[in-house]
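K.L.:
Structure below; questions to follow.
The values are calculated or read from the model by the stated rules, or taken from the named source; none is laboratory data. Only a predicted model underlies this, so the values are computations on that prediction, with no experimental measurement involved. Positions of Cβ are backbone-derived with ideal geometry, glycine not excepted, and every protein chain shown enters the neighbour counts.
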Amino acid sequence: MLSPLRVLVSGLAQSTTRCCSGYVSRMRFLNHLKEDDVACEEAVSNSDLMLFHSLKPLLKKNRDRTLSSVSLHHRDVSSLLQKLGADLSIIRDSILIGCSDRGSAHFCLDLAAVDATTVEEECAAMFVDLRKSFFLLSKSEAPLVAKSQALLRWHQTHRFCSFSGKPTKRNRSGSQRFTEGSKVIHYPQMSPVVIALVHDGSRCLLGRQASFPPGFYSALAGFCDMGENVEETVRREVAEEVGLEVQSVTYSCSQHWPFPNSSFMIGCFAAISPAHSQLSVDHSELEDARWFDLRQIQAGLKIAPPKKGDPVVTWFPPRHAIGQWLIAEWAEQQSSRDIT
């Protein structure tokens, strides 16, 4: 009898234990698991689980002082829970987060019901707040850890239907929640946020909120209002925060951002006229905003995030942050223009 995990990929039935080559194949495999609870349940038993405790990822220190996430195979998680005397059924709360190139599914699991210290000792790792650890994760791991936390948080905060008030249930993969007997289906959501690097042709504008770490400046950002498109949001936010009128908006890139609670960051460049660059900062929104020329930006990009107790210096968003991508892209464009 064929396993229910055998899926149709490129017109051929392939076992999930065989190589799942190509992006299209992986996406179809994941979609199959989202739609088929039986297939997903079988996939869990042969998968790795990224572990969390009260939304804190389990991380281990590397020799270079960076951090790596800890994933255990299903059988190892089962053994750990047995050793701790915990209920093995909590593994059913695991959520699908992706798959490897070879078609092995990956899940995440929050062990909030288990003693955190004991798990840390058994795994030689630590449960660390994501705000403190995000920038120490590798470029490849950070997005997956952020995605996992966002999905775990969404399920914890959407246990009741916002339409009927009745309890909701989830499908096996965790890709949706629903109320029995109702056609209403709830899907995980992100809040759209624009982050715009304002420039006047030779300078770019960065600001800081009072809540930012000392010396930290970044591009302007704000949540999209209902009914707005991206361009309208950029123009409104820039007008509100620094009193400038945007002439044109150019899209650059996007990023899922886990803070404060799963945001979808839409990165843009916002051009203004050099003749109308006088700032009028709304101090209820920003503590400060200032223009930076290319030399200042290039110098700032070389400064690492300062440690506690270090002298206050002007520094920009660290790696993984879309704010740095925008600033670095602008600096590269300016450098290329100056060379030509």
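K.L.:
Which residues, counting only those in the range 123-134, are modelled with pLDDT under 95 and surrounded by fewer than 17 Cβ atoms within 10 Å (Cβ to Cβ)?
P.N.:
Selection gives Arg131, Lys132.
K.L.:
Additional query: Conditions first: (1) modelled with pLDDT under 95; (2) in a helix (DSSP H, G or I). Asn46 passes all but one, so which condition is the exception?
P.N.:
That leaves (2) as the condition not met.
K.L.:
Could we say that Lys83 is farther than 16 Å from Ser47 by Cα and loosely packed, with under 14 Cβ neighbours inside 10 Å here?
P.N.:
Yes; evaluated as a whole, the condition is true for this residue.
K.L.:
Which of the residues that make up the range 175-204 are surrounded by fewer than 16 Cβ atoms within 10 Å (Cβ to Cβ) and within 28 Å of Val249 (Cβ to Cβ)?
P.N.:
Answer for the range 175-204, where residues must be surrounded by fewer than 16 Cβ atoms within 10 Å (Cβ to Cβ) and within 28 Å of Val249 (Cβ to Cβ): Gln189, Met190, Ser191, Gly201, Ser202.
K.L.:
Going by what's in this entry, would Ser133 be described as more than 24 Å from Asp76 (Cα to Cα) and in the same structural domain as Phe29 (by TED's automatic domain parsing)?
P.N.:
Here the answer is yes, as Ser133 does meet what is asked.
K.L.:
Considering only residues that are free of Cβ contacts under 8 Å to residues at least 60 places away in the same chain and closer than 17 Å to Ala289 by Cβ, which ones fall in the range 168-215?
P.N.:
Ser211
K.L.:
Within the range 20-53, can you find the residues that are closer than 29 Å to Leu130 by Cβ, surrounded by fewer than 18 Cβ atoms within 10 Å (Cβ to Cβ) and among the hydroxyl-bearing types (Ser, Thr, Tyr)?
P.N.:
Answer for the range 20-53, where residues must be closer than 29 Å to Leu130 by Cβ, surrounded by fewer than 18 Cβ atoms within 10 Å (Cβ to Cβ) and among the hydroxyl-bearing types (Ser, Thr, Tyr): Tyr23, Ser45.
K.L.:
Show the residue pairs that are 6+ apart or on different chains and have beta-carbon atoms under 7 Å apart, the first residue being within the range 115-127 and touching a residue at least 40 places away in the same chain (Cβ under 8 Å), the second being part of a loop (DSSP other than H, G, I, E, B).
P.N.:
From residues that are touching a residue at least 40 places away in the same chain (Cβ under 8 Å), the pairs are Val119/Leu111; Cys123/Val70; Ala125/Val70.
K.L.:
Let me ask something else about it. So, Leu80, is that one in contact with an Asp or Glu (Cβ under 8 Å, 6 or more places away or on another chain), part of a helix (DSSP H, G or I) and modelled with pLDDT of 95 or more or not?
P.N.:
Criteria met by Leu80.
K.L.:
Is it fair to say Val246 is surrounded by 16 or more Cβ atoms within 10 Å (Cβ to Cβ), assigned to a loop (DSSP other than H, G, I, E, B) and either aliphatic (A, V, I, L, M) or outside the structural domain of Lys34 (by TED's automatic domain parsing) (or both)?
P.N.:
The answer is yes for Val246.
K.L.:
Then there is this: Does the range 205-232 hold any residues that are loosely packed, with under 14 Cβ neighbours inside 10 Å and either small (Gly, Ala, Ser) or on the phi > 0 side of the Ramachandran plot (or both), and which are they?
P.N.:
Ala210, Ser211, Gly227
K.L.:
While we're on this one: When both residues are 6+ apart or on different chains and their Cβ atoms are under 6 Å apart, which pairs have a first residue that lies in the range 87-101 and is assigned by TED's automatic domain parsing to the domain that holds Arg26, and a second that is in a strand (DSSP E or B) and among the small types (Gly, Ala, Ser)?
P.N.:
Cys99/Ala105
K.L.:
Any residue in the range 53-77 that is polar (S, T, N, Q) sitting within a Cβ distance under 6 Å of a residue that is assigned to a helix (DSSP H, G or I)? List the pairs, counting only those 6 or more apart or interchain.
P.N.:
Cβ pairs passing all conditions: Thr66/Leu136; Ser69/Val145.
K.L.:
Could you please give the count of residues in the range 328-337 that are in contact (Cβ under 8 Å) with a residue 60 or more places away in the chain and either hydroxyl-bearing (Ser, Thr, Tyr) or touching a helix residue (DSSP H, G or I) at 6+ places or on another chain (Cβ under 6 Å) (or both)?
P.N.:
1
Here is a yes/no grid of residues against (1) part of a strand (DSSP E or B); (2) surrounded by 16 or more Cβ atoms within 10 Å (Cβ to Cβ); (3) of a type in the set (Gly, Ala, Ser); (4) in contact with a strand residue (DSSP E or B) (Cβ under 7 Å, 6 or more places away or on another chain):
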| residue | (1), (2), (3), (4) |
| --- | --- |
| Asn261 | no, no, no, no |
| Ala275 | no, no, yes, no |
| Ile297 | no, yes, no, yes |
| Pro317 | no, yes, no, yes |
| Ile327 | no, yes, no, yes |
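K.L.:
Okay, next question. Among the residues of the range 83-102, write down those that are out of contact with any strand residue (DSSP E or B) (no Cβ under 8 Å at 6 or more places or on another chain) and outside any helix (DSSP H, G or I).
P.N.:
Gly85, Ala86, Asp87, Asp101, Arg102
K.L.:
Are there any pairs, at least 6 apart or on different chains, whose C-beta atoms fall under 9 Å, with the first in the range 216-239 and not assigned by TED's automatic domain parsing to the domain that holds Asp288 and the second at pLDDT 95 or above and of a type outside the set (Lys, Arg), and if so, which?
P.N.:
Partner pairs satisfying both residue conditions: none exist.
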